[in-house]
Amino acid sequence: MSTPTNPERPTDHPSAPFTLEAHFAGEFPELTTPWRGEDQPEPELAVLNEDLARLLGIEPDWLRSPAGVEFLLGLNPEPTTKMVAQGYAGHQFGQFVPSLGDGRALLLGEIRGTDGVLRDIHLKGSGRTRYSRGADGRAALGPALREYLVSEAMHALGVPTTRALAVVTTGRKIQRDRVLPGAVVVRVATSHIRVGSFQYANITGGIDLTRRLADHAITRHYPQLGAQFPEPGPERYSGFFQQVMDAQAQTVARWMRLGFVHGVLNTDNTLVSGETIDYGPCAFIDRYREDAVFSSIDTYGRYKFSNQPLILGWNLARLAETIIPLFGETPDAGVDRAQELINTFTDRYNDALHRELSAGLGLDADAPETAGLIESYLELMRTHSPDATTLNRTLSEWSVESTPPTGFEDWIPRWLAVQPDLIRMQKLNPVYVPRNHLVEEALSQAVDGRWDAFTTLLSLVTDPFTRRAGMDFYEQPGPDGFEDTYMTFCGT
């Protein structure tokens with residue numbers, strides 16, 4: 001394990017043509033533990049996101065070099081390295097766990113991209129840390145590739161999300177339900193500050209540490225708010241909470257429009273940036289079903305498709321609990337303000353969903369007839385359970401020769417009467433999404449060393465609005481009955 005020196009200052013990796021910064025590690029030694037990745041027997045770069053590397057200001061060729069692969073594994077030997085494992089708490093399926101943390105992950109540091117944005121570079125599967133709680137700290141190749149594939153698809157779909165820079169195979173065999181090849185996925189995010197980070201700060205350092213974390217998050221994610229309210233006070237922290245509510249409401253509204261089921265929406269998987277994180281048990285619905293549950297560990301359907309907005313509101317209430325003293329000059333004032341703010345979430349989410357669905361249907365969100373059209377559309381989706389992706393793309397490409405989908409015969413003329421913006425719809429309703437049967441086949445083949453299916457699927461879902469000749473198979477839902485028994489797994 002290497003021990004950081006002067007973690008508040010940027011570090012030039014002697015063999016790396018870029019600079020890593022260490023804002024979080026430097027400001028929050030109470031929330032981090034200096035660490036390094038475990039040595040790997042036969043590391044090999046499996047997948048590299050060249051476009052993302054260039055956005056970060058890192059040359060892809062350097063990442064392919066031995067020094068680059070070592071960097072991607074968290075093996076920098078220099079004593080000035082500032083890699084840390086982050087501590088956080090969390091409500092997991094409603095039960096509070098006071099100490100979770102990066103049990104198999106490392107924050108390498110932050111890098112300022114060519115667009116001026118500061119982002120974390122973060123590893124998953126890099127070995128045991130002080131937070132591992134008896135686990136081996138490793139990741140299997142299949143789940144690492146799932147995170148790479150789905151997070152990049154979500155980015156292409158316009159969903160706020162963490163991204164994937166690379167997957168590196170380790171040469172290890174790891175034991176899960178069977179022996180599997182090991183891998184590390186390199187994740188990029190505007191930060192990894194979670195609701196669970198605030199919960200951990202609150203129970204370990206009280207309100208002073210929690211305030212510092214809030215100030216850090218404001219500086220990093222909501223600088224305009226910081227400029228408007230530069231001094232500590234109720235307006236600053238109330239504004240922060242409202243910004244987080246809006247960011248998360250917009251993200252989850254987009255999930256709902258696209259048919260995405262997260263699967264493990266714990267407070268430690270809710271980022272204050274609004275980005276989607278943790279793709280372990282995620283899935284996309286084919287048939288529209290509001291009760292869709294795919295995660296093998298979600299026994300009671302807590303995180304089913306239709307519950308996602310409710311759970312998000314619950315998670316945000318847990319965030320509010322940690323910063324109540326910052327909301328008011330007195331305890332009672334803080335509690336009253338927290339409740340007042342939380343009570344606005346339903347309206348914030350409903351507005352976000354209305355605007356998402358309006359855009360997806362090519363409608364003017366503010367037009368008087370739009371709400372009725374959306375309400376009827378959702379009722380028909382619930383009644384007839386069409387393939388959601390196919391139906392929405394069919395509407396986007398509507399012509400006089402088109403045949404109305406079953407059950408939508410009366411709705412289509414009403415919708416056409418308001419002259420929906422089909423061009424806009426075609427930029428929002430994908431031809432391709434990571435359908436579950438396609439993902440499973442691609443991952444299964446890649447784990448066996450056959451990469452063609454993964455490469456093809458990745459190319460389609462990262463350019464999802466462009467139909468490709470000869471790729472009709474990738475537009476189709478899974479076989480009859482597939483979704484009825486399909487289950488996803490966290491991969492830990």
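Every number here is computed from the coordinates shown, using simple stated rules; none is lab data. Just so it is clear, the model here is predicted, and its values are computed rather than measured. Using ideal geometry, Cβ is built from the backbone for each residue, glycine included, and neighbour counts are taken over all protein chains shown.
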- Message: Can you give me the distance in nm between label points at GLU50 and THR114, each placed 7 Å from the Cα along the Cα-to-Cβ direction?
- Response: 1.3
- Rank-order 84-94, 357-367 by packing density, defined as the average count of other C-beta atoms within 10 Å over each peptide's residues, highest first. 84-94, 357-367
- Query: Per residue Cα convex hull volume for the stretch 185-247, in cubic angstrom?
  - Reply: 96
- Item | Normalised alpha carbon radius of gyration of the stretch 382-492 [divisor 2.2 N^0.38 Å] | 1.26
- Task: Mean Kyte-Doolittle of at least -1.0 plus a Cα span of 20 Å or more along the axis: flag which DSSP H helices in the chain meet both, please.
- Result: 141-156, 195-221, 234-258, 308-322, 345-360, 370-384
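Antiparallel versus total DSSP beta bridges in the chain: what percent is that, nearest 5?
95
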- Note on the structure: Going fewest to most other Cβ atoms within 10 Å around each Cβ, LEU271, LEU141, LEU75 line up as LEU75, LEU141, LEU271
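Just want the ordering: ARG382, ARG187, from fewest to most Cβ atoms lying within 10 Å of their own Cβ.
Numbers: ARG382 12, ARG187 26.
In increasing order of surrounding Cβ atoms, one gets ARG382, ARG187.
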- Message: Positive end of the dipole of the stretch 216-365, charges at C-beta (+1 Lys, Arg; -1 Asp, Glu), about the Cα centre: which of LEU363, ILE311, ALA249 has its Cα farthest in that direction?
- Response: LEU363
- Here, the stretch 65-155 modelled as identical Cα point scatterers in vacuum has Debye log10 I(q)/I(0) at q = 0.17, 0.24, 0.25 Å⁻¹ of -0.94, -1.36, -1.36
- Item | Principal axis box of the chain, alpha-carbon based, largest edge first, Å | 68, 61, 42
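Starting from the Cα-Cα distance between SER296 and GLN224, subtract it from 0.36 nm times their residue separation and give me the gain in nm to one decimal. Please list the in-between numbers first.
On the way: separation 72, 0.36 × 72 = 25.92 nm, distance 4.15 nm.
That pair, SER296 and GLN224, stretches by 21.8 nm at full extension.
Can you tell me, using C-alpha contacts under 8 Å and at least 6 residues apart, the relative contact order of the chain as a whole percent? Intermediate values should be presented prior to the final figure.
Working: 959 pairs, mean separation 65.5, N = 492.
Contact order relative to length: 13 percent.
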- Note on the structure: Rounded to one decimal in Å, the inverse mean reciprocal Cα-Cα distance for the stretch 343-433, i.e. its Kirkwood radius, is 13.7
- If you wrap the stretch 286-415's Cα atoms in a convex hull and average its projection over all directions, what's the area in nm²? 10.7
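Where does each of TYR200, TYR300 land when they are ranked from fewest to most other beta-carbon atoms within 10 angstrom?
Values: TYR200 27, TYR300 9.
Result, fewest neighbours first: TYR300, TYR200.
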- Where the Cα pairs of the stretch 122-209 fall when distances are cut into 10 Å bins, in %: 16, 35, 32, 16, 1
- FRET E, pair SER459, GLN339, Förster distance 51 Å, beta-carbon r, rounded to 0.05: 0.55
